[in-house]
Amino acid sequence: MKKNFAPIILSLLSFSQLQAQESTVYVSVLATRLFVAGAANSPTGIYYQRPGEDTTWHHLGAGNIRAFGLAVHTPARGQLIYIASGNGALRTTDSGKNWKVTTGWEITEVLAVCIDPRDEKTVYLSTAYGIYKTHDGGASWQQVNRGLVDPFSTCVIVDHANSNVVYCATEGGVFASSDGARNWQRLGLSVTNIRVIAQHPRDAQMLAAGTENNGIYISRDRGKIWAKSDIGVDHNTFYAIAFDPNQPEIMYAGGYVSGVYKSTNGGKNWVGYHEGLTNLNIHSLAVDPADGNRVYAGTMWSGIFRSDNGGVTWRKAGLSGAQVWTISIQPF
């Protein structure tokens, strides 16, 4: 007698599809409000959340790292991770079982880290003293500040269409390099004190910048011309900008007591959402590439908040009391 396995196959496919809709979430914790001298305190550093978990977070590595930023190399599926910390750049190649400080005494106050998506051995650091680069996976680092003005930098990104093109946010403005950070040129944005830069996931021409006290600016020609994006915005300081990877006309922004703003038309106008956010100081945002309705917000001193309806409402999602500086959502 011929058996019909179709229902079983369909059931397995449905389970597989459900599993595929979950991602691994990594966050960097700079400090925690719960610190008590002489007591057992919540560790700082890197945490991650496995697919399917909700408010549970697992710590990676040493528990006393002031972790400003992190970078996860997606092709390595969590094996290769860098941490930007107050005492340098740390690296793991075994999913966090072992960590190594890759920088020397002369590199401190590392505020952000970015791995070249096409070459895992090429990594950039944003620091209080400018940009550093390694060609050999952290075995050696070179300071690459030629052309930078006021080089204090809080963000560096590699152009997803051309790895020779690098952008950095500095006190002196937005700068770009077309030769892998050997030389920098200031772009057309006239304001200073840039805190974050984000690139449209599909249109490499489009850049967005968040500033201290000057709002959000958008360029649609790789930074030659910028326009202030302020329709619907009542705040001026923005530390985080995130695109929906699958619907990149949907953008999110957050900053000092701003709550979360959302744009559905590439920044032409914004709507503020804060229902459920008990802390409006937002320092990091990320959209789940497996489900664009799932958005994470990292706050200053209140941990993680999560939205499952595209940012309209929020709920607490763990790490209470933490200062969450960076969020990276990985589709594995």
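The values are calculated or read from the model by the stated rules, or taken from the named source; none is laboratory data. Remember, it's a predicted structure, so these values are computed and weren't measured experimentally. Here the Cβ positions follow ideal geometry from the backbone for every residue, glycine too, while neighbour counts run over all protein chains shown.
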Go through the residues of the range 252-274 one by one and say whether even a single one is modelled with pLDDT of 95 or more and under 19 Å from Thr55 (Cα atoms).
no
Answer with yes or no whether Ala204 is surrounded by 23 or more Cβ atoms within 10 Å (Cβ to Cβ), among the small types (Gly, Ala, Ser) and touching a residue at least 24 places away in the same chain (Cβ under 8 Å).
no
Under 9 Å between Cβ atoms, at least 6 apart or on separate chains: pull out the pairs that start in the range 120-149 with a residue that is within 17 Å of Ser178 (Cα to Cα) and in contact (Cβ under 8 Å) with a residue 40 or more places away in the chain and end on any residue that is of a type in the set (Asp, Glu) and assigned to a loop (DSSP other than H, G, I, E, B).
Thr122/Asp116; Thr122/Asp136; Val123/Asp116; Tyr124/Asp116
Those residues of the range 171-183 which are touching a residue at least 40 places away in the same chain (Cβ under 8 Å) and at negative phi amount to Val174, Ala176
Any chance Ile81 is crowded, with 22+ Cβ neighbours inside 10 Å and closer than 22 Å to Val25 by Cβ
yes
Can you pull out every residue in the range 74-112 that is charged (D, E, K, R) and within 24 Å of Ala128 (Cα to Cα)?
Arg91, Lys100, Glu106, Glu109
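From the set of residues in the range 90-146 that are part of a loop (DSSP other than H, G, I, E, B) and among the small types (Gly, Ala, Ser), which is farthest from Leu80 (Cα to Cα)? Quick ask: steps written out before the conclusion?
Narrowing the range 90-146 to residues part of a loop (DSSP other than H, G, I, E, B): 93-99, 102-109, 116-122, 128-129, 135-141, 144-146.
After this cut, where a residue has to be among the small types (Gly, Ala, Ser) as well, the list is 95-96, 104, 128, 137-140.
Values: Ser95: 6, Gly96: 8, Gly104: 20, Ala128: 24, Gly137: 10, Gly138: 12, Ala139: 15, Ser140: 17 Å.
Of everything passing the filter in the range 90-146, Ala128 is farthest from Leu80 (Cα to Cα).
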I'd like to know if the range 261-270 contains one or more residues that are of a type in the set (S, T, N, Q) and free of Cβ contacts under 8 Å to residues at least 24 places away in the same chain.
yes
Restricting attention to the range 311-332, report how many residues are within 25 Å of Ala198 (Cα to Cα), over 16 Å from the mean Cα position of the chain (by Cα) and assigned to a loop (DSSP other than H, G, I, E, B).
5
Identify all residues within the range 303-316 that are surrounded by fewer than 22 Cβ atoms within 10 Å (Cβ to Cβ) and at negative phi; write none if there are none.
Arg306, Asp308, Asn309, Val312, Thr313, Arg315, Lys316
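Please verify whether the range 275-291 includes one or more residues that are touching a residue at least 60 places away in the same chain (Cβ under 8 Å), among the polar types (S, T, N, Q) and on the phi < 0 side of the Ramachandran plot. Lay out the reasoning, then the answer.
Keep residues of the range 275-291 that are touching a residue at least 60 places away in the same chain (Cβ under 8 Å), which gives 284, 286, 288-291.
Next cut, among the polar types (S, T, N, Q) only: 284.
Within this subset, residues satisfying the condition of being on the phi < 0 side of the Ramachandran plot are 284.
Yes, the range 275-291 contains a residue that is touching a residue at least 60 places away in the same chain (Cβ under 8 Å), among the polar types (S, T, N, Q) and on the phi < 0 side of the Ramachandran plot.
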Counted residues, the range 261-273 - those being surrounded by fewer than 18 Cβ atoms within 10 Å (Cβ to Cβ) and either of a type outside the set (Gly, Ala, Ser) or under 18 Å from the mean Cα position of the chain (by Cα) (or both):
5
What are the pairs with Cβ atoms under 7 angstrom where one residue, in the range 47-70, is polar (S, T, N, Q) and part of a loop (DSSP other than H, G, I, E, B) and the other, located anywhere, is surrounded by 15 or more Cβ atoms within 10 Å (Cβ to Cβ) and at pLDDT 90 or above? Sequence gap at least six, or different chains.
Thr55/Ala317; Thr55/Gly318; Thr56/Gln49; Thr56/Gly318; Asn64/Thr44
Of the residues that sit in the range 22-38 and are assigned to a loop (DSSP other than H, G, I, E, B) and touching a Lys or Arg at 6+ places or on another chain (Cβ under 9 Å), which one is modelled with the highest pLDDT?
Ser23
Here the residues within the range 251-309 that are assigned to a strand (DSSP E or B), of a type in the set (D, E, K, R) and over 22 Å from Tyr47 (Cα atoms) are Lys262, Glu275
